[in-house]
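To start, the structure itself, in structure tokens.
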Amino acid sequence: MNEKVKKCEIDFFLFLILYFHFLIFVFFTFLFFQFCLIFQFCLFFSFVYFSVLFIFCFVYFLFCLFSCFVYFLFCLFSVLFIFQFCLFSVLFIFCFVCFLFCLFFSFVCFCLHFLFHFKKEKKNLSYKITFPYMQRFASEETENELISSLKYIFPIESARPLTEDEIRRELETADRNGAENLFWSDGRNGLIVVLYRGGPEKEIASGFLIRLLSDVQDIDLIFGDNFCQVFNDDITIIPAQEKHSEVWMTLKQSQFSRAIAKFSSFDTNPMIKWLQIAENSTHLQYENKPFTFCMLVAKKKECIQQTLQDNFMPFSNVVPFEKGIMEEKWIRGSMSGHAVGIAGYGKDGDIFGMFTLPESSLNEEEIETNTLLAPHEDLIPLIARMPPKTFIMLTSENGSIYIVLPKRTLFHKTQGKWHYVNYANIHTTLSDFIEKHIALSVLRLVLDLSYERKGTLIFIPENEELLDEIIPDYCQNEKVNETLRSTVKGLNVCHKIHRKIIMAAAKVDGAVVISKNGDVLDVSCMIGEPDEIRLNEHGLKNLEVLPGARSTAAWNASIYGIAIKVSDDGPITIYKHGKLITYVG
């Protein structure tokens, strides 16, 4: 009896050893799992590690159960204790070997993680850890946010991600001209955008290739790189996608204005403050009319005084910028219509005088250069005289804000969004279809309509003989708006006085049809739908139905030539042969 009790005690003791051995293994496995989850260096190695570890854990668990079951069977059949103990010892040793092998494999996986994220450079080891909550760098949502923002700078057609090897190859071979985050790749004929993780040594986080609808200029790439740097800095500051989301939204709303400030020749903080004050001023009124202003800002007083000369009148006392714009009613009352502007200087932009817009005495070359920069024709003389290290800030009655920099760049905020605008790209696109000077006059008409928020459709046909096919009532004796259409027909868009009349007619519903030599062929007319034959000529099968009647009409007209759509809120879109070829805004 005592021998059986003793045997049961030993059996129970050995069973406890096996049971606690299994619990210890599970505990260490859990620790390794948590450790690798916290220091998740590489998703691929982590996946391999967890998969293999799970298999070994499962096999080890089954083996332990099998050992216990065999041991229990031996007890039931009362086999000699010495044989039972030896067999159990063999099983126990084998289980322990499996345990050590599993731990060894775990250690090997961890070393792979460790070596993957340790870089030895100049005999210094720098340990880079990516925590599981640092997801914004690798998030698809982050890339979509950046691409969405870049659409306000470039006419984007498509975008696709790049592998790290592709990114490194582009960084080594492309002519970046000092750019860090955005540059042009001749080999891929598109933009390369790269995001980096923070730290003393920049590590590539992600990148993608962007295809554009039209060509861009070097100045476009410089500002695009500035914006991407601001975006990249914000991700470094707020890397956690699930944390501090309200801070990220605040930073996101100010990214464009901070990029403008970084791009300008002025200090960043004052420039951001001026932009914020200008945005706040769009809600102000004077005698039930929206408050608008035109302001020329320079670093030194003398710069403005020498530029404007007799057109400038100094104040007896300097007025702080914020107080003058937000509080002084006499400034609001004197700023209507942009006939008079205000001048500011210094780091604070203090207002020290008023000026009248100078009269135009420009030659054709100066007019052409500044047409591509001025949002409205009346501002060309002022923009032409804008000296270096200055900028023009103006607001319109519809709440838009324009920033003109001497770097020949224009920024426009409308409907709560900032846009980088380069009208030279539109001029280049139009010049491929019509003569350069005619394209410039058409562009001037389009820009003035956009500035005044008058939506319209301007159509330039390739073949005037097909007008009766494009415009249903073109050859009819009785037409809608017959008097207007017959009066404006024959005017030329290159003539300044004619252009003002054409602009007035363009505000009426319908399309403005202009020939390749600039003559008006029709106004206030409806555009018909192209037939199947015309669609097949351009490889199209079906009609396109776009959001908005004007957009659909522009697409239909583009089958026969080039169509320029100006939206009521300002954006400009150009179609040709049923395809979107460029847009601004």
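The numbers here are math on the coordinates, done by the rules we state, and not lab data. What you see is a predicted model; the values in this text were computed from it and never measured. All Cβ positions, glycine included, derive from the backbone under ideal geometry; neighbour counts span all protein chains shown.
Taking Cα centre as origin and charging only the Cβ of basic (Lys, Arg, +1) and acidic (Asp, Glu, -1) residues, the dipole magnitude of the range 475-534 rounds to 500 debye. Sorting the segments 265-271, 180-186, 437-443 by their mean number of nearby beta carbons within 10 angstrom, highest to lowest, gives 437-443, 180-186, 265-271. Placing dummy labels 7 Å off each Cα toward the beta-carbon, the span from Asn177 to Glu279 is 2.9 nm. Close amide H partners of Glu157, meaning residues 5 or more places away or on another chain with modelled amide H under 5 Å apart, are Arg211, Leu212, Leu213. Spacing of the modelled spin labels on Ala339 and Lys436, each 7 Å from Cα toward Cβ, amounts to 3.8 nm.
As a calculated quantity, the FRET efficiency between Lys389 and Glu482 at R0 = 56 Å, using C-beta atoms, amounts to about 0.55.
Full extension of the segment from Glu397 to Lys347, taken as 0.36 nm per residue of separation minus the current Cα-Cα distance, would add 15.2 nm. According to the Cα-based calculation, Rg over Rh for the range 148-263 is 0.95, with Rh computed by the Kirkwood formula.
Estimated from the Cβ-Cβ distance and a Förster radius of 41 angstrom, the FRET efficiency linking Ile147 and Leu543 is about 0.90. Simple point charges give the picture: +1 on the Cβ of Lys and Arg, -1 on the Cβ of Asp and Glu, and for the range 491-583 a dipole about the Cα centre of about 420 debye. On the beta carbon distance between His495 and Thr250, with R0 = 56 Å, the FRET formula returns roughly 0.65.
Residues whose amide H lies under 5 Å from that of Gly353, counting only those 5 or more places away or on a different chain, are Phe315, Ala343; hydrogens are built 1.01 Å from N in the peptide plane. Treating each Cα of the range 214-369 as one equal point scatterer and applying the Debye formula with no solvent, the log10 of I(q)/I(0) at q = 0.09, 0.18 Å⁻¹ comes out as -0.41, -1.17. Reported to the nearest whole Å, the Cα centre-to-centre distance from the range 495-560 to the range 423-437 is 18.
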